[in-house]
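Novice: Structure incoming, see below.
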Amino acid sequence: MPGEPPGHDSGRLPLTADAFDRLVQAEQRRIYRILLGLVRDPEAAETLTQECFLRAFERRHTYRGEAHVATWLVQIALNLARDHQRSRRAGFWRRIMGSRPGRDAPEPLLRIADAGPGVDHAVMARQRLAMVWAAVDGLALRQRTCFLLRFVEGMSLDEIADVMGIEAGTVKVHLARAIGMVRRRIGAWEAPCDI
């Protein structure tokens, strides 16, 4: 098949290190392109590409051959991209809600709606979220737009630049100013939070 490493048996996962290296060489660009299209961040795509092949190598003994190796790699890449997007969004909301790393906290909106034992926490979370939105509402229009597109919609800097018709560097400046202003305003209301 085109793009397969020399000596690669169609549909079988190579178990030797040399054969796996050839597989990486043959499929690395393709996996990177797919991930870049999904996450729209070259640095993240590069990291996720490496993670994809690391996972494939670590799990090579579990490969059952039901799908072609290249298809299996794409499935791993898609799962990594999905997890990356969830992690970005959840990380923002965890910082907003004040969860500490290592705590097993449910999604913020579910936590707010929960009327169980953590009612006090839910009330505090609602208050903190209201403070953040009040701070965001006070931003200049371009800063507010950059903040919302980046942290609520999860868009990359390049996507924001395209949507707003400005340079990516200008997006970075507006975003830095927006984050600084939100931090200062929240800090004026309570102890500083790490946004």
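Novice: Could you check the range 19-39 and list, in sequence order, the residues that are in contact (Cβ under 8 Å) with a residue 24 or more places away in the chain and either crowded, with 17+ Cβ neighbours inside 10 Å or over 26 Å from G154 (Cβ atoms) (or both)?
Specialist: Answer for the range 19-39, where residues must be in contact (Cβ under 8 Å) with a residue 24 or more places away in the chain and either crowded, with 17+ Cβ neighbours inside 10 Å or over 26 Å from G154 (Cβ atoms) (or both): F20, L23, V24, E27, I31, I34, L35, L38, V39.
Novice: Also, I was wondering about something else. Residue pairs, Cβ under 7 Å, 6 or more apart or interchain, first in the range 59-84 and among the polar types (S, T, N, Q), second at pLDDT below 85 and crowded, with 16+ Cβ neighbours inside 10 Å. List them.
Specialist: Here the result reads none, with nothing in the range 59-84 linked to a residue that is at pLDDT below 85 and crowded, with 16+ Cβ neighbours inside 10 Å.
The values are calculated or read from the model by the stated rules, or taken from the named source; none is laboratory data. A quick note: this is a predicted structure, and the numbers were derived from the prediction, not measured. A quick note on method: Cβ atoms are made from the backbone with ideal geometry, for glycine too, and the neighbour counts reach across all protein chains shown.
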